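**Student:** Next up is a structure, given as structure tokens.
The values are calculated or read from the model by the stated rules, or taken from the named source; none is laboratory data. No experiment lies behind these values; they were computed from the predicted model shown. No Cβ is skipped: glycine too gets one built from the backbone with ideal geometry, and neighbour counts run over all protein chains shown. For the accessible areas, the whole protein counts, side chains as well, though only heavy atoms, and no ligand, DNA or RNA atoms are used. Shrake-Rupley method; radii C 1.70, N 1.55, O 1.52, S 1.80 Å.
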Amino acid sequence: MKLKDIVNRDIVTLTNCEHEPIHIPGSIQPHGFLIGVTSAWKIDFCTANISAFVDLVYKEIIGKDFCSVFGNDVKEKITHYINDDKIQSVFPLEIELLGKYFQLSIHKSHDVYVLEAEPHFRNKEQLAELYLQNIQFITDMNSTRTLQELCALVAKGTREITGYDRVMIYRFDAEYNGEVFAENCREDLEPFLGLHYPHTDIPVQARELYMKNQLRLIVDMDYEPVPIFTVDNQENKNLDLSLSILRSTSPIHVEYLKNMGVGATLTISLIHHNRLWGLIACHHYSAKNISPEIRLAAKLQGQFISSQIDLRQSTDEYQIARKTALALEHLTGLELPLDHLSFETIIADPELLHVCNAAGVSICVGGKIYKHGITPSDDEIDRIASEIAHYAKEGIFSTEKITDYFPELNPEADVAGIIYHSLVNNNNIIWYRPETISEINWAGDPEKAIVKDSKGLHPRNSFNIWKQTVKNQSSIWLHLEINAAASYAHALHNQIILLMLSEEEEKYRNQSEVLKETNAELENINWISTHDLQEPLRKIQLIISKLISEIDRIPPESVFDALLRVSNSANRMQVLLQDILKYTRVKYTKEALQKVDLNTIMESTIDEMKEVFNETGAVIEYENLPEIYGITFLMKQLFSNILQNSLKYASPDRLPIIKVTASQEPEIYNYSNKIYCHWITFTDNGIGFEQEYAPSIFKIFTRLHTQEQYSGSGVGLALCKK
């Protein structure tokens with residue numbers, strides 16, 4: 001039987017740190033030994049150093065039955081331990097192997113049980129003492145108020161329990177750059193508190209392992225990795241050690257820690273909302289190992305932090321939340337008139353800035369911009385609002401660094417961060433924050449965290465403080481500030497809808513007045529037709545009658561004069577009739593009808609909604625549409641409303657398909673014999689509605705679904721009908 005080691009020798013020749021396969025190093029640290037057992041209890045893997053702990057040689061036991069080497073009693077104890085999840089997740093198995101006592105950690109790697117044995121700790125810590133320490137910690141924890149105070153307490157408590165020279169609470173930002181958030185160390189050591197470390201110090205695959213295995217030990221930085229051997233019966237055969245206690249560490253990481261002068265480490269993951277929030281990083285400046293009991297106690301310290309993050313962050317943000325809540329309550333409680341003057345009142349109210357602790361705000365309604373505080377120019381606001389659609393999802397967008405999206409923004413605007421919300425009818429509200437220049441103290445130049453040479457990758461060896469000045473960036477928008485802005489934007493959205501409805505009502509009231517005036521004018525026309533038109537007719541009738549009765553006695557000159565008077569009366573009557581006709585044709589409308597190409601309307605509407613179509617995967621098909629006489633804006637609004645309804649009420653079981661057809665020849669309108677029309681038909685494969693509801697759904701505020709099922713105000717179809 002041929003044996004081979006599975007040491008991953010490609011690691012040292014890497015050119016990209018993020019490609020390092022740290023979960024399959026093929027070796028372990030030497031303070032214990034490892035055996036890999038198949039489900040049939042055959043020894044398939046074994047480390048070369050097993051002979052340093054028991055009277056066995058790896059070459060002689062690989063491929064053998066486990067019981068024939070260690071005995072059936074050991075197998076039964078291990079089987080019982082594996083089946084007891086509660087014990088397995090807390091303590092290793094204390095077991096005798098060939099006359100010597102070990103602490104056995106067991107996990108499954110694919111179809112192999114990995115047994116990791118460490119010598120039994122002689123000076124075993126008393127559980128009662130560790131219990132009392134944790135009870136004292138919980139008592140002290142209740143006296144802390146902020147997250148940073150809690151982390152400082154955990155750093156102190158972890159150092160007391162473990163005895164490491166330095167304990168740091170390491171917190172990640174959104175890009176996984178790290179900050180030493182709290183620290184407790186020997187008095188003679190230089191403090192690292194407040195230093196930042198680039199995300200490259202802990203690459204992606206290392207963070208993934210921290211999520212899987214929450215406790216990691218390096219006992220001695222000067223260790224020689226021990227190779228793992230196996231039967232040479234498979235190409236590229238290896239063993240995933242993601243959950244291993246003894247796993248050998250990346251040589252790049254070891255070199256990094258040696259450059260810092262570190263001799264041993266303990267790392268505990270801090271996981272919050274299924275994301276790596278940070279680490280408890282313990283450094284010792286000589287070799288150091290700790291017992292499983294101390295490891296467990298240290299792990300509990302990490303769980304104390306993880307369980308308190310939400311609560312402590314809420315405490316830290318309480319005052320901000322209270323301020324924004326009061327501002328929101330004030331603004332939504334304002335009694336505002338339903339006219340455009342209300343926006344003058346809103347924009348001047350200082351609470352509008354306090355909603356999200358902004359320095360400036362702008363509201364664009366009906367083509368007019370209302371501003372207060374620190375804002376860009378009107379032209380720049382228009383440009384931001386028009387281009388922001390490429391980045392905004394569902395009409396919402398926020399950033400702390402607007403120059404990432406608008407690098408040509410005028411620097412004199414002094415605006416770095418924005419919160420944008422679109423409102424009904426292409427209106428919007430934008431909050432602004434100015435630039436906040438800040439300094440970050442990095443532990444070495446973050447651009448030189450990893451150095452590449454002919455031998456591969458190496459970590460930096462300089463950790464001198466490197467200061468970075470951050471510009472063109474505002475302070476971070478907190479989630480509660482973004483949520484408060486969204487709440488007020490929704491309220492303002494409703495205010496604009498009410499204003500639109502009020503204007504519609506006023507329009508109809510004006511139309512009613514116009515109708516009254518028109519009726520009065522029609523009465524006047526009737527009087528004209530009964531008086532002014534009859535007078536020339538009577539004159540014509542009188543002259544003609546006289547001519548007929550006296551035709552033989554009237555000289556030619558008199559006949560000519562009489563006919564001339566008849567002609568004049570007829571001309572006067574014709575002019576009067578033409579004037580009446582022109583008068584009745586005058587339309588009492590604020591919008592003049594014009595020729596509208598419905599293809600242009602459709603293309604423009606689809607272009608404006610392309611993000612929604614892309615997001616939903618909707619397919620729209622339309623044939624050649626006719627030209628009609630209408631009002632461009634209203635036709636565009638009509639098409640937009642119908643298409644939005646098709647997408648809104650799409651079936652969850654299939655991709656939305658919308659088809660638009662049209663009659664190519666005009667037809668007489670059913671309800672008037674004076675109007676010709678084209679029929680435009682929209683068809684979709686959505687959820688539809690029963691025909692019994694057809695008359696009612698076009699009534700304002702009428703809805704067939706609850707607000708929870710489908711959002712909306714019940715105005716859309718009523719506007720379509722109008």
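**Student:** Applying a 10 Å radius around every beta-carbon, put 190-198, 277-285, 293-301, 660-668 in order of their mean neighbour count, most first.
**Tutor:** Those peptides, ordered most packed to least, come out 277-285, 293-301, 190-198, 660-668.
**Student:** Calculate the FRET efficiency for D607 and H199 from the Cβ-Cβ distance with a Förster distance of 35 Å, rounded to the nearest 0.05.
**Tutor:** 0.35
**Student:** Moving on. Under 1.5 on a/c is rounded, so check that first for region 203-271, then, if it is not, pick prolate when a/b is larger than b/c and oblate when it is not; a ≥ b ≥ c are the square roots of the alpha carbon gyration tensor eigenvalues.
**Tutor:** Oblate.
**Student:** Can you order the peptides 22-35, 378-391 by their average number of other Cβ atoms within 10 Å per residue, highest first?
**Tutor:** 22-35, 378-391
**Student:** Give the long-range amide H neighbours of Y622: residues separated by 5 or more places, or on another chain, with amide H under 5 Å away, using H modelled in the peptide plane at 1.01 Å from N.
**Tutor:** Here V660 satisfy the definition.
**Student:** What distance in nm separates the simple spin-label points at N519 and L634, each placed 7 Å from Cα in the Cβ direction?
**Tutor:** Label at N519, label at L634, 2.2 nm between them.
**Student:** If r is the Cβ-Cβ distance from N510 to K546 and R0 is 51 Å, what FRET efficiency results, to the nearest 0.05?
**Tutor:** 0.45
**Student:** Sticking with this structure for a sec: Exactly which trypsin sites (Lys or Arg not before Pro) in region 646-696 are in a DSSP loop and have at most 16 other Cβ atoms within 10 Å?
**Tutor:** Counting only loop positions with at most 16 other Cβ atoms within 10 Å, the trypsin sites (Lys or Arg not before Pro) in region 646-696 are R654, K674.
**Student:** Can I ask one more? For region 616-666, which whole percent of the accessible surface, found with a 1.4 angstrom probe, sits on carbon and sulfur atoms?
**Tutor:** Roughly 57 percent, rounded to a whole number.
**Student:** A 24 angstrom limit on the alpha carbon distance is what I want to check against. Which of K75/K108; K64/K100; K75/K288; K507/K648 exceed it?
**Tutor:** Result: K75/K288; K507/K648 exceed 24 Å.
**Student:** Expressed in nm to one decimal, what extension gain is obtained for the pair K64 and K108 from 0.36 nm per residue of sequence separation less their Cα-Cα distance?
**Tutor:** Stretched out fully, the K64 to K108 stretch lengthens by 13.9 nm.
**Student:** Please work out the FRET efficiency for the pair D10 and T661, using the Cβ-Cβ distance as r and a Förster radius of 60 Å; give the result to the nearest 0.05.
**Tutor:** Taking R0 as 60 Å, the efficiency between D10 and T661 is 0.45.
**Student:** Got a number for carbon plus sulfur as a percent of region 263-404's accessible area, 1.4 Å probe?
**Tutor:** Here carbon and sulfur together make up 51 percent of the probe-accessible area.
**Student:** Based on the mean of other Cβ atoms within 10 Å per residue, sort peptides 362-369, 561-568 so the most packed one is first.
**Tutor:** Going by the mean number of other Cβ atoms within 10 Å, highest first, we get 362-369, 561-568.
**Student:** So, for region 264-341, what is the accessible surface per residue at a probe of 1.4 Å, expressed in square angstrom?
**Tutor:** Value returned for region 264-341: 46 Å² of accessible area per residue.
**Student:** Using 0.36 nm per residue of separation minus the Cα-Cα distance, give me the extension gain between Y391 and N685 in nm, one decimal.
**Tutor:** The Y391-N685 span can extend by a further 102.9 nm.
**Student:** Within region 350-383, what residues put their amide N at less than 18 Å from the label point 7 Å along the Cα-to-Cβ vector of T600?
**Tutor:** No residues fall inside that zone.
**Student:** Right, next: At 0.36 nm per residue, minus the direct Cα-Cα distance, what do Y101 and Y285 gain on full extension? Give it in nm, one decimal, please.
**Tutor:** Extra length available between Y101 and Y285 comes to 63.3 nm.
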